[in-house]
Amino acid sequence: MSQYPTAQSQGTESPGSPNIFEEPEQSFAAAENDNHIDLPSTSRSHDHDPSEGPLDVPSDEPIQIDLAGPLRYDNDDSNDTVLNIIINGPGHLPAQSEDSNLTSPLTSFSDESTRQSINEDSNSCASIRLNPRPPDDIEPPAKLRKMNEVEEVDGETCPICLDSWGNSGDHRLVALRCGHLFGSECVERWLKAQKLKDRTCPTCKGKANLKDLRFIYARRLVAADTSQITALQKQVEILQSEKSRTELELEKMKIAHRACVQQLEGLRSTLMKSQSNKEQPSRKSWRFALEKNLEICKDGGCRVLTYNCRTYELYVSQKSVNYLFPGFGIRKISCVDYKLGQFVHLHPKPIRDITYSQHRDLLLSVALDSTARIVERGILSVTVNSGMPLWSCSWDNLRSNEFYVGGVGGVIHHYDVRNPSTYLRMLSSPGDLSPVVSLCSTEYGLLSCQLNSSKLWAVNTRQCEPRVLPVEGSFMSLAYDNASQRAVIASRPSSNGLERSKLSVCKLKPSIPNGEVICDVVETFSGSLRSSLMSKVAWVRLASSAWVAAHSESDSALYLHGVDGTRTMSLPASEPALDVCSVETNGSNILAALSESRLRLYKAVPTNT
């Protein structure tokens, strides 16, 4: 154990300095190297309790201090009692260096080593203060709490305007050279309000300048995300400027439009005056010349035909010529080189009607074998069994996936290609049980023609009620023209042979008050005196001219009855034309007339009258 040196080891006392140390074994520097300090004390009977506060040592009498237990320096990781020693006066102990980490306990002094004499003339005094470390559960003072709250708020708001800053815009977070944080707009206004040489930081009054501003981002700072607001504000400004520019251009265009309208009216009046002085030009008319006469089948069996505008081919129903596969099918005929093409076998019994869908590129055929078959690109794809002999068919005008078939008993079935196993709807009129010989789907509804009646079934209604067309007599067929929204109905001649057959042209239009469809007969043409065959009627349209084509058995001719002022024509036909079709291909217009075994093709030739 090391001890402080005594007065005897120093020889003669120097005047005015007390003799504090008694033993000369080691110096105070050596005691520091041992990592513990020995304090002098007078006697064990003068022990002092650390909890009673500091011990004041009077300068007129010596004292002795004896420490019974180990003492440690103040440390953050320890809750033990801390001993602080303060000695004032000329004879004070050497101070401990700051980088000394003495944590060794101080041992007790012996009776000899703890004695210390203090000179009465000395002004030195000693005091010992023991400060216990406060426990963790004690609440900090109010001043400290207030400082913490200020620090938290200081990280969220601008010190100048006390408003939250953001990470973009005019009030985004910036810092001065001294490190204090502000909103960009506020600190710029602060610095600009001062003279250049007197510009200082609002917080620390340190020198600052506008070039010292730096945009920063800090981890503890809560910055309001105003990037979207700023972007939207800029977008609003751009849109407003574009709106103003567009309104200005619109006004200019209105002025220019009014000027153009006035100029157009002047030119139109001048043109009308010049045309009134000239003669009317000659009107172009047409004639049909026989182009090709093809034999389809020697045994006959041809009945109906239709046209494929995609491949420029005519589809003609005929009897099979292969005795191993009897029945009926369709023959493809090219309208480019007039050659017979592929034969597709479809039905075991005669085909009564065929129709082609341009939207879906599908061919639909019905026959007396109670089936409807759909051919896609020359291959049979769908077969529908309706359970009754079928006479007519038609694709839906509005929905390309749906079609109608009509059969005996006046029954009409509505099917969908995507689910052909069952019909969607069945239409029947109890007053007439004759077969449905013709079907035409229009934008106003479904037109149906039976042997004894003709009707219009309205569309887009849950319960379809037929409306009888204003035409009397027994009927053979009907056809519809989508361009003019007119229908033509062919009726039979009288049984006594006194009246000819009639072709009634009806105009379909919706009524304004209640939206019901009105059908008015606008024109009527006379036909044949006799009608032993069920020939079909058809529309033929060419440029601005239109005709109603129907065969007359009594005259052995194919009549083209002109409508809208078009001249009526007759084409010689030794064989009855059972079906007629108008074809447009490569800039040419062809009229196809089908008999039981042959196909005659007429080409339209323009003439001037």
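The values are calculated or read from the model by the stated rules, or taken from the named source; none is laboratory data. In this text, all values refer to a predicted model and were calculated from it rather than measured experimentally. Every residue, glycine among them, receives a Cβ derived from its backbone with ideal geometry; neighbour counts consider all protein chains shown. These accessible areas exclude ligands, DNA and RNA; they are computed on the full protein's heavy atoms, side chains included. Shrake-Rupley method; radii C 1.70, N 1.55, O 1.52, S 1.80 Å.
Summary table
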| quantity | calculated |
| --- | --- |
| Two-site label geometry, residue 388 and residue 408: point separation in nm, points 7 Å out along Cα→Cβ | 1.1 |
| 3J(HN,Hα) from dihedral phi, segment 592-604, Karplus parametrisation 6.51/-1.76/1.60, rounded to Hz, x for glycine, proline | 9, 10, 10, 10, 5, 10, 10, 10, 9, 10, 10, 9, 7 |
| Gain in span if fully extended, residue 570 to residue 421, counting 0.36 nm per residue against the direct Cα distance | 49.1 nm |
| Using θ = phi - 60° and Karplus 6.51 cos²θ - 1.76 cosθ + 1.60, couplings along segment 350-360 (whole Hz; Gly, Pro as x) | x, 7, 9, 7, 9, 8, 10, 9, 6, 5, 9 |
| Ratio of the Cα radius of gyration of segment 458-555 to 2.2 N^0.38 Å, where N counts its residues | 1.21 |
| Apportionment of accessible area to carbon and sulfur, segment 451-607, percent (1.4 Å) | 47 |
| Dipole magnitude of segment 382-491, debye to nearest 20 (Cβ charges: Lys/Arg +1, Asp/Glu -1, about Cα centre) | 140 |
| Candidate lysines - alpha carbon under 24 Å from residue 252, same-chain residues fewer than 8 apart omitted | 243 |
| Shape category assigned to segment 355-414 from the gyration tensor of Cα positions, a/c cut at 1.5 | oblate |
| Amide proton proximity set for residue 523, modelled H, under 5 Å, gap of 5+ | 505 |
| Segment 519-608: GluC sites (Glu not before Pro) in DSSP loop, at most 15 other beta carbons within 10 Å | none |
| Efficiency of FRET between residue 229 and residue 325 - r from beta-carbon atoms, R0 56 angstrom, step 0.05 | 0.10 |
| Label-point separation in nm, residue 585 to residue 217, each point 7 Å along Cα→Cβ | 7.2 |
| Probe 1.4 Å, protein heavy atoms only - accessible area per residue of segment 385-437 in square angstrom | 42 |
| In nm, spacing of pseudo-spin labels at residue 200 and residue 443 (7 Å Cα→C-beta vector) | 8.6 |
